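Notes follow once the structure below has been shown.
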Amino acid sequence: MNNKIKVWDLPTRIFHWGMIVLLGGLWWTADAGEMDWHQVLAYSLMVFIVFRLIWGVVGSDTSRFSHFIKPPKAVLDYMKLTKEQGVSSSIGHNPLGGYMVIALIMLVSAQLTTGLFATDEIFTEGPLYSLVSSEIGSLMSWLHKKIFYVMLGFASIHVLAVVYHGLKGDKLITPMITGYKQVSEASGLELKFKPALMAFLLVALLAGLVGNYLIKPVVGML
């Protein structure tokens, strides 16, 4: 018997797909030399990341870090069980996937942070570049480029894991679109979801701050 239950709230789903779109746009703008737009997209991504960090503490159950960050032993037990019995369906992120989420958020945060101090040594400088020495600026610029490749590697592993789970019957993409997931039996877990309005007000506040202090000066030069 299949049961359809809600596992993801709307804000978390918008964050997930919005981050993918923004990262793709950042890749393209950097490659095309559209550095002004690269900065605008980067600051927009900053709003998303800061929101997700806050939502991971105060948001809906499955969005909270406490829901999917498990002790290392739980992750090892999950991997052992998966090896012995195959992929099983999880409500929200599974223990191993939870660590991947944290890794990707940390990498994107590091990428954004280094970008604030980076320079392309031609026209574009991060808004905090003038606060550090040229040596530190060069280091941050180097890290900004290298972290991207690490992030790309982790993202590729994440995509492969999602595809693998889908092939094994644990559909992960559809729930991240619709918010609902089919489970084989009632889990007995009562999930609580915070109002979407709460998330959108938080995003509006963050967007106002970032827009005024970081995006507005860049847009003024376009």
Margin query: Looking at region 113-127, can you tell me whether even one residue there is at positive phi and open to solvent by 60 Å² or more (accessible area, probe 1.4 Å)?
Written below: yes
Notebook entry, point to check: Looking only at residues in region 4-15 that are assigned to a helix (DSSP H, G or I) and open to solvent by less than 50 Å² (accessible area, probe 1.4 Å), which one is nearest to Y149 (Cα to Cα)?
Noted result: F15
Checklist line | Count of residues meeting criterion [among the small types (G, A, S) and open to solvent by 20 Å² or more (accessible area, probe 1.4 Å)] in region 43-65 | finding: 1
Checklist line | Residues satisfying the stated conditions in region 22-72, i.e. assigned to a helix (DSSP H, G or I) and among the hydroxyl-bearing types (S, T, Y) | finding: T29, Y43, S44, T62, S63, S66
Check: (1) without any contact (Cβ under 8 Å) to a residue 12 or more places away in the chain; (2) surrounded by fewer than 15 Cβ atoms within 10 Å (Cβ to Cβ): which one isn't true of L131, the others all being true?
Finding: (1)
Next item on the list: Find all pairs meeting these conditions: Cβ atoms under 8 angstrom apart; at least six residues apart or on different chains; first residue within region 75-100 and without any contact (Cβ under 8 Å) to a residue 24 or more places away in the chain and aromatic (F, W, Y); second residue open to solvent by less than 50 Å² (accessible area, probe 1.4 Å) and not in a loop (DSSP other than H, G, I, E, B).
Entry: Y78/P95
Next item on the list: Evaluate the following for K181: is it charged (D, E, K, R), touching a strand residue (DSSP E or B) at 6+ places or on another chain (Cβ under 9 Å) and outside any helix (DSSP H, G or I)?
Entry: yes
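The values are calculated or read from the model by the stated rules, or taken from the named source; none is laboratory data. Keep in mind the model is a prediction, meaning the values are calculated, not measured. Note: ideal-geometry Cβ built from the backbone for every residue, glycine included; neighbour counts use all protein chains shown. What goes into the accessible areas is simple: the full protein's heavy atoms, side chains included, and nothing from ligands, DNA or RNA. Shrake-Rupley method; radii C 1.70, N 1.55, O 1.52, S 1.80 Å.
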